[in-house]
2 protein chains.
Amino acid sequence: MILTVTLNPAIDVTYYVDELVRQAGLRVTRVLERSGGKGVNVARVAAACAADVAATGLTGGRRGQQLRADVAEAGIHEEFCRIKGETRRTVNIVETERPGLPTELREPGPPISQAEWDHFRKRFKSLAAEADVVTMSGSLPPGVPADAYATLISVTRSVSAAKVIVDTGGEPLRLACAAGPDLVKPNEAELLGATAADGRTRLDRVLAGAAGLRDLGAAAVVVSLGSSGSVAVTPDGRWRASHTAIPGGNPVGAGDALVAGLALSAVGIRAAGSRADGSWAAGNWAAGNWAQALRQASGLAMASVLAASAGEVDPAAAKRFAEHVRIREIRGAKA
Amino acid sequence: MILTVTLNPAIDVTYYVDELVRQAGLRVTRVLERSGGKGVNVARVAAACAADVAATGLTGGRRGQQLRADVAEAGIHEEFCRIKGETRRTVNIVETERPGLPTELREPGPPISQAEWDHFRKRFKSLAAEADVVTMSGSLPPGVPADAYATLISVTRSVSAAKVIVDTGGEPLRLACAAGPDLVKPNEAELLGATAADGRTRLDRVLAGAAGLRDLGAAAVVVSLGSSGSVAVTPDGRWRASHTAIPGGNPVGAGDALVAGLALSAVGIRAAGSRADGSWAAGNWAAGNWAQALRQASGLAMASVLAASAGEVDPAAAKRFAEHVRIREIRGAKA
């Protein structure tokens, strides 16, 4: 079972407007709304690949109820704890008459009490005991301590042999690394924000930053680089994955799809698309098969860009994209 | 009883951000959320003045439930009809580090079926029979015919002697005028959008536009002019109300507070602030006392600007502001 942790989930609202004009009254031409938060996206992608997935975290209020119902409807085991506060929203504003990234408005998370955090840790412990892989994604809501992911890693180690993947930034990332996760997946900004990475080129800086996170205690590091692909720095070597065909679409959630792919291949779970003909076997990075693992995960990330919303993928498209991923081993002196 | 009609209500969300930067990820520092829509704001202000108020309109889904609960909690008789669609939201983005108006994102309203509109008209008929004043405010959701307010005016006339006030724009305003409302309250943009008003000065254009709406069939017209006050064109004469002291604050909902004040004074209902000493008697514009009516309504509009959210007023502040309203009769040839 893959267990995804989302401590600060959100209802993701997408507004389409012709153009975002400051201080104007604007007509929203289309509204999309779905339950999100990075860990929920990971769970959706893994479930779309027919994996056995449970999602936990902290939810509350009317929107928490909506989120739990959405998660259950997506075929995910819904294991969220209830809190007194109301689950937050994020609003993404897409401008149909101007190309570029959406404008993202992130509400602060609801405050979490000590009792709520204590209760969550107990619930998490029993869930982690059943897990093969645990993913921990995103920011922490107010009231949850900065070493929350470090604590959850220790809890996991105490009850199971599950692989742990952490996708966050800042102090929570640094503290998590010290607890020895199997893999961390920061994006470039999170990596450079958490380490004093120096280097002449972009790749040098990414390699130095990733080495820094390994020095802190992370066994392996995969850095997502947006349209430039990703870089893996592992005990077995270093790899760069890049895309020869970049689909146009919505890049929000591509990093979460990458994490889902890495979770699937942490224990050699095959993506559903590979079942019929067996030609696309997932690599098992825990056994050192990084090239195949990165290929599968990158294919899912690309398929996610093609989909309308974060957390959506077509496994068959992911399989096709995976064939267009170029994997190169990075040789030379390790940073 | 004052009956307010809100066919396209909304949950109003206000986001505070440092600065609205396009295509960036922005942290929302503060979130306000309250049930709104122009007619709901009118009902809130009238209820805050201790008037007997009922609110009706069309609501649906989780947000409709939230809106009905909020209305009831504000001491308003909650008489909304249920629809299958989900009540819309509006999002106002306030920039704390840049002065100026908020950026407003308006979701489209939910689609209304013929059966839902038929059902509403029946419910409205029984409510209108009990009303002294009926206010009809705001836009129409998809599926409701453009002559909706005209129809509701005719229904009102068939069951009661209630005064009818309409606050809308465009074709719904023009069609409403033809059904003979007692008062219409467009803002300047709505007025100039609905009439071919010509004139040398701003005041000339407003007077010409208001005369145009009277020609269409409205008995009286009050045009709200934002910080410039308002102009009344009536069978008893023409007046201009202006403020000698303009409070800084949130202008959203000031027009709704003006309508609430006009509703209170349609039948000589005193605002609560006047009860103790009787010094601030409301004018009864239906009896020709426009100067007092405009004074009370303008005081409420100013108090609304001072309040944090649309639909909020402190009646005592409204009374103080009313003393600073300057009322001048506009003499000369009627446009």
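So, taking all protein chains as they sit and a 1.4 Å probe, how much accessible area belongs to B:Glu104, in Å² rounded to tens?
Surface accessible to solvent at B:Glu104 totals approximately 60 Å².
Residues of segment A:62-92 with backbone nitrogen within less than 12 Å of a virtual label 7 Å along the Cα-to-Cβ line of A:Ser113, please, listed as ranges.
Answer for this model: A:83-85.
Tally Lys and Arg at +1 and Asp and Glu at -1 over the other residues with C-beta under 11 Å from the C-beta of B:Arg98: what net charge comes out?
Details: positive: A:Arg22; negative: B:Asp18, B:Glu19, B:Glu95, B:Glu97.
Neighbour charge sum, excluding B:Arg98 itself: -3.
Of the heavy-atom accessible surface of chain A (probe 1.4 angstrom), what whole percent is carbon and sulfur?
On the way: 6100 of 12570 Å².
Of the solvent-accessible surface of chain A, carbon and sulfur hold 49 percent.
Rolling a 1.4 angstrom probe over the protein heavy atoms, how many square angstrom per residue are accessible across the protein assembly as shown? If you can, show how the numbers build up before the last one.
Details: 25140 Å² over 670 residues.
Accessible area per residue, the protein assembly as shown: 38 Å².
Which residue, A:Val259, A:Val31, A:Val313, tops the fluctuation ranking in a GNM of chain A built on C-alpha contacts under 10 Å?
The residue that fluctuates most here is A:Val31.
Considering protein heavy atoms only and a 1.4 Å probe radius, which residues within segment B:74-109 exhibit an accessible-area decrease of no less than 50 Å² in the full assembly relative to the chain by itself?
When all protein chains are present, B:Arg89, B:Thr103, B:Leu105, B:Arg106 each give up 50 Å² or more of accessible surface.
Relative to the isolated chain, which residues of segment B:39-67 have their accessible area cut by 20 Å² or more in the presence of all protein chains (1.4 Å probe, heavy atoms, no ligands or nucleic acids)?
B:Arg62, B:Gln66
Ignore the peptide's own chain and count Cβ atoms of other chains within 10 Å of each Cβ in A:26-35; give me the average, rounded.
3
Ranked from the most accessible area to the least, with a 1.4 Å probe and all protein chains present, what is the order of B:Asp12, B:Asp52? Spell out each step's value before the answer.
Numbers: B:Asp12 30, B:Asp52 85 Å².
The ranking, largest first, comes out as B:Asp52, B:Asp12.
Under a 10 Å cutoff between Cα atoms, tell me which one of B:Ala266, B:Ala254, B:Ala115 has the largest fluctuation in the Gaussian network model of chain B.
So, out of B:Ala266, B:Ala254, B:Ala115, the one fluctuating most is B:Ala115.
Could you state the orientation-averaged shadow area of the convex hull built on the Cα atoms of segment B:117-273, in nm² to one decimal?
The number I arrive at for segment B:117-273 is 10.3 nm².
With Cβ to Cβ distances under 14 Å as the rule, what net charge do the other residues near B:Ala162 carry (K, R +1; D, E -1)?
Values: positive: B:Lys125, B:Arg157, B:Lys163; negative: B:Asp52, B:Glu130, B:Asp132, B:Asp182.
Spelling it out: positives minus negatives among the neighbours equals -1.
Total Å² of accessible surface buried at the B-A contact, 1.4 Å probe, nearest 100?
Working: alone 14010 and 14000 Å², together 25140 Å².
The buried area between B and A, both sides summed, comes to about 2900 Å².
Between segment A:1-46 and segment B:136-189, what is the separation of their alpha carbon centroids in Å?
Cα centroid to Cα centroid, the span is 37 Å.
For segment A:199-251, state the average projected area of the convex hull of the C-alpha atoms over all orientations, rounded to one decimal in nm².
Values: hull surface 17.6 nm².
That works out to 4.4 nm².
Kirkwood-based Rg over Rh for segment A:14-123 (C-alpha set), two decimals?
Details: Rg = 16.6 Å, Rh = 15.8 Å.
Rg divided by Rh gives 1.05.
Work out which residues of segment B:6-23 lose at minimum 20 square angstrom of accessible surface when the other protein chains are put back, relative to the chain isolated, with a 1.4 angstrom probe, and list them by number.
B:Tyr15, B:Leu20, B:Arg22, B:Gln23
The values are calculated or read from the model by the stated rules, or taken from the named source; none is laboratory data. A quick note: this is a predicted structure, and the numbers were derived from the prediction, not measured. Note that we place each Cβ from the backbone using ideal geometry, even for glycine, and neighbour counts take in every protein chain shown. The accessibility values were calculated without ligands, DNA or RNA, using every heavy atom of the protein model including side chains. Shrake-Rupley method; radii C 1.70, N 1.55, O 1.52, S 1.80 Å.
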